[in-house]
Amino acid sequence: MNIPFYYFSENRFLFNRFPPRVSGRDLHQFVQSVNHEAHGITDLRQFSDCTAVNDVSHLSTHCIQHCTAVEEKRPESKLAILVSESLVVYGLSRAYQMLAEDNRKEIRIFKQRHEALIWLSDSVHDLDVIQSSINVVMNENRSG
């Protein structure tokens with residue numbers, strides 16, 4: 001299954017919402033797609049919403065390690081990972097955080113959306129722009 005993402009080039013912001021089932025192949029395709037779409041952007045701000053994930057039976061730390069190895073290095077970028085209460089999803093997110101620490105400036109895991117967005121934002125105006133971008137995507141998904 002493809003993991004859709006939305007890249008807002010004018011804000012160097014990428015948003016994605018992982019589906020309920022995520023496999024190693026899905027994650028690898030996602031990383032390759034992001035590498036292609038945001039190639040050369042070293043200060044990308046990425047928000048990955050993993051709150052819907054409930055089946056990771058085809059995802060392992062070995063798969064995550066492979067994905068972080070092929071991920072484009074973005075030394076000034078930040079990644080906020082939003083997780084639910086699932087300990088398994090949190091654990092896999094934490095594994096990704098550790099394995100990808102040399103790929104980005106910083107990766108943090110959050111349980112509250114607003115906290116993640118504040119951390120990604122450079123200013124109050126920036127927070128509004130990012131939140132509006134996410135709202136547009138979420139509303140399109142509901143109506144489409």
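Every read-out reported here was derived from the displayed coordinates using simple, explicitly stated rules and does not represent laboratory data. Note that the structure is predicted; figures quoted are calculated from it, not measured. Neighbour counts run over all protein chains shown; Cβ positions are idealised from the backbone, glycine included.
The modelled label-to-label distance between Ser123 and Tyr90, using points 7 Å beyond Cα along the C-beta direction, is 3.6 nm.
Think of segment 5-143 as having a plus end and a minus end, set by charges on the Cβ of Lys, Arg, Asp and Glu; of Phe8, Asn54, His66, Asn54 sits farthest toward the positive end of this dipole. Taking every C-alpha pair closer than 8 Å and separated by at least 6 residues, the mean separation divided by the residue count of the chain gives a relative contact order of 21 percent.
Can you give the Rg to Rh ratio of segment 16-144, both from alpha-carbon atoms, with Rh computed by the Kirkwood formula?
Radius of gyration relative to Kirkwood radius: 0.94.
Available extension along the chain between Asn139 and Ser23 is 39.1 nm, counting 0.36 nm per residue and deducting the alpha carbon span. Available extension along the chain between Arg108 and Asn2 is 35.8 nm, counting 0.36 nm per residue and deducting the alpha carbon span.
Each Lys and Arg Cβ is given +1 and each Asp and Glu Cβ -1; about its Cα centre, the chain then shows a dipole of about 280 debye. Springs join every pair of Cα atoms under 10 Å in this Gaussian network model of the chain, and among Val22, Val31, Val88 the largest mean-square fluctuation is at Val88.
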